[in-house]
Amino acid sequence: MTVRVRYAPSPTGDPHVGNIRSALFNWLYARHTSGTFIVRIEDTDQARLVPGSLDAILDALRWLGLDWDEGPGSDAPHGPYVQSERLDIYRKHADWLLGEGKAYHCYCTPERLDAVRKQRQKERQPTGYDRRCREPNGAAEAREENPNLPVVRFKMPTEGNITVNDFVRGEVTFDVSLLDDFVLLKSDGYPTYHLANVVDDHLMEITHVMRAEEWLPSAPRHKLLYEAFGYEMPVLVHLPLILGPDRSKLSKRHGAASVLEFRDMGYLPDAMFNFLALLGWSLDETSEVFSKDDLIKHFTPERILANPAVFNIEKLDWFNGLYIRGMDDSALADALLPWLEDDEHGLPASARPVDRAYLASIVPLERERLKRLSEAPEMLSFFFEERLDYDASLLVPKGLDADTTRAMLEAALATAESVDDWSVGALETAYRALAERLGVKTGQLFGAMRVAVTGRTAAPPLFDTLSVLGKERCVSRLRAALAAL
Ligand code: GLU
């Protein structure tokens, strides 16, 4: 059997972490088994569609490298992969159920349904549909009241239990009396989630349905639909909830919940990938760091956990730092470049365009300190700015005053001008000798020089910084510091 799995988003909002985690698990399983990963767009609830959200979802998949074998834009034989383009298919299936006496037309108006619901609430009964139209007399009556097109409802059994088998949770039993005759086809001709989902999973030959646990309550309805059609049911694999650190369902309240927001906050796709893979799956008690290839190799549904996963952003930061440190200079420079060049959040226009080779020489100095790519413009700006903006009093080290500092920096400037070998080692030798000659502490000299060449009191190691900045920049910055003093 070839594994065929699908990710079936509804374009009703931002690509939520939980949703993309489902995509990722499906993708991993498809790649692990050399199976097929399908993306199917479930856009049948027209009232909830949010413009732009389909593109956002597909962007999130592309950013993480979750490429699909069949889906939007592919002309594979199981298409189209957008449900609103398959309405005739669902209508045909609903008609077939009607013909078999497994479904019926319901003419009840929304107002009546509302009244029934309220009445039942008052009586503390399950609030579902009261099945008036399931009987011919009731249907005739309702039809008189409502000239509009009917909906199609599924005839549910009225009593007993239904047990579904979930790969992660085992057997889960539902009381059928709590489930009403749900709608299959709405009066606007669009199917409901239940009908479209079951029909498509069958027609697209889906072998495993891997989706978030919140869909588990739909499983008994789906099971009955599969039986009504005489279809074999795919294996159900419900993925655990994702909670915030306060143990409530992860949402925007916890900072960010959309994968694209994390992208825009400067997380690396590989770090995000690794992090998401561990939200509900583990190889063992201890392993955490997995490349994509490792995950493809090890990912099996047997290791999906039933307990909720907790989304811990510090952990994501930790992964991000780890992946940043794992990148070579050139790759990290490439990753940083767009952040530095960004018109809105990047370096000031006067510091751009960024010289790619110069950036690559800076990268080794900052790599350890960088947690998110978005920190780069602020962290690296002093390497690029023509004129540094700082408070001149920062130049004066403890134990010295402005005059003695000026004399010290004049000597530092003279040394810079006379040194030809601008390597880290040569600079360090020259400036240690200078401190000794001047009778100042190295901390005093190096501290003042650090502020002069970086505009900051905290920066990467001084001589590495001097060396990367280059002689010309350092000389002119020392001059500017003297002028400021
Ligand atoms: N369209 C549903 C969603 O947005 C799909 C649920 C399923 O995978 O069956 O999550």
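The values are calculated or read from the model by the stated rules, or taken from the named source; none is laboratory data. Keep in mind the model is a prediction, meaning the values are calculated, not measured. Reconstructed Cβ throughout: ideal geometry from the backbone, glycine too, with neighbour counts over all protein chains shown. Side chains included, ligands, DNA and RNA excluded: accessible areas come from the protein's heavy atoms. Shrake-Rupley method; radii C 1.70, N 1.55, O 1.52, S 1.80 Å.
Things worth noting here:
- Counting only helices (runs of 4 or more DSSP H) that fall entirely inside the stretch 219-282 and contain at least 1 residues that are over 30 Å from V199 (Cβ atoms), the qualifying elements are 259-264, 269-277.
- Among the residues making up the stretch 28-62, those that are among the hydrophobic types (A, V, I, L, M, F, W, C) and more than 16 Å from M204 (Cβ to Cβ) are L28, A47, L49, V50, L54, A56, I57, L58, A60, L61.
- E288 meets all of the listed conditions (1) out of contact with any helix residue (DSSP H, G or I) (no Cβ under 6 Å at 6 or more places or on another chain); (2) open to solvent by less than 40 Å² (accessible area, probe 1.4 Å) but one, namely (2).
- Inter-residue pairs, beta-carbon under 6 Å, first closer than 20 Å to L400 by Cα and in the stretch 448-470, second of a type in the set (G, A, S), 6+ apart: M449/A412; R450/A459; A452/A481
- Sub-8 Å Cβ pairs linking a first residue in the stretch 1-21 that is under 15 Å from M272 (Cβ atoms) and within 7 Å of the ligand (Cβ to nearest atom) to a second residue that is modelled with pLDDT of 95 or more and not basic (K, R), at least 6 apart or interchain, are N19/P9; N19/I57; N19/A212, ordered by first then second residue.
- E417 passes every criterion in (1) surrounded by 14 or more Cβ atoms within 10 Å (Cβ to Cβ); (2) in contact (Cβ under 8 Å) with a residue 24 or more places away in the chain apart from (1).
- Of residues in the stretch 228-240 being over 25 Å from V152 (Cβ atoms) and open to solvent by less than 20 Å² (accessible area, probe 1.4 Å), the one farthest from the ligand (Cβ to nearest atom): P240
- Residues satisfying the stated conditions in the stretch 64-80, i.e. surrounded by 21 or more Cβ atoms within 10 Å (Cβ to Cβ) and either assigned to a loop (DSSP other than H, G, I, E, B) or over 21 Å from the mean Cα position of the chain (by Cα) (or both): L66, W68, G71
- Criterion applied to P240, P191, P234 was being within 28 Å of C133 (Cα to Cα) and either of a type outside the set (S, T, N, Q) or touching a Phe, Trp or Tyr at 6+ places or on another chain (Cβ under 9 Å) (or both), and the one residue passing it is P191.
- Residues satisfying the stated conditions in the stretch 190-208, i.e. open to solvent by 10 Å² or more (accessible area, probe 1.4 Å), under 23 Å from Q46 (Cα atoms) and assigned to a loop (DSSP other than H, G, I, E, B): Y190, T192
- Residues that are of a type in the set (S, T, Y) and open to solvent by 50 Å² or more (accessible area, probe 1.4 Å) within the stretch 424-453 comprise T429, T442, listed in sequence order.
- Per this entry, A458 is not counted among residues that are small (G, A, S) and either farther than 25 Å from A333 by Cβ or modelled with pLDDT of 95 or more (or both).
- Pair list, Cβ < 8 Å and 6+ apart or interchain, from the stretch 420-432 residues that are closer than 13 Å to F446 by Cβ and without any contact (Cβ under 8 Å) to a residue 40 or more places away in the chain to residues that are open to solvent by 50 Å² or more (accessible area, probe 1.4 Å) and not in a loop (DSSP other than H, G, I, E, B): Y431/T442; R432/T442
- Residues (part of a strand (DSSP E or B) and either buried (at least 24 other Cβ atoms within 10 Å of the Cβ) or of a type in the set (S, T, N, Q) (or both)) located in the stretch 6-55: R6, Y7, T36, I38, V39
- Filter pass, A56 being within 15 Å of the ligand (Cβ to nearest atom), free of Cβ contacts under 8 Å to residues at least 60 places away in the same chain and small (G, A, S): no
- All positions within the stretch 415-455 that are at pLDDT below 95 and on the phi > 0 side of the Ramachandran plot: none
- Verdict on R211 being touching a strand residue (DSSP E or B) at 6+ places or on another chain (Cβ under 8 Å), outside any helix (DSSP H, G or I) and within 12 Å of the ligand (Cβ to nearest atom): yes
- The set of residues in the stretch 454-465 that are within 12 Å of F382 (Cα to Cα) and open to solvent by less than 30 Å² (accessible area, probe 1.4 Å) comprises T454, G455, A459, P460, T465.
- If you go through the stretch 320-354 and pick out every residue that is polar (S, T, N, Q) and free of Cβ contacts under 8 Å to residues at least 40 places away in the same chain, you end up with 2.
- Selection count, the stretch 291-347, where residues are under 21 Å from A360 (Cβ atoms), of a type outside the set (D, E) and exposed (fewer than 15 other Cβ atoms within 10 Å of the Cβ): 4
- Search result, residues across the stretch 81-112 that are part of a loop (DSSP other than H, G, I, E, B) and over 26 Å from the mean Cα position of the chain (by Cα): R86, E100, G101, K102, Y107, C108, T109
- Single residue of L195, L243, L225, L203 found to be touching a residue at least 40 places away in the same chain (Cβ under 8 Å), within 13 Å of the ligand (Cβ to nearest atom) and within 30 Å of F299 (Cβ to Cβ): L225
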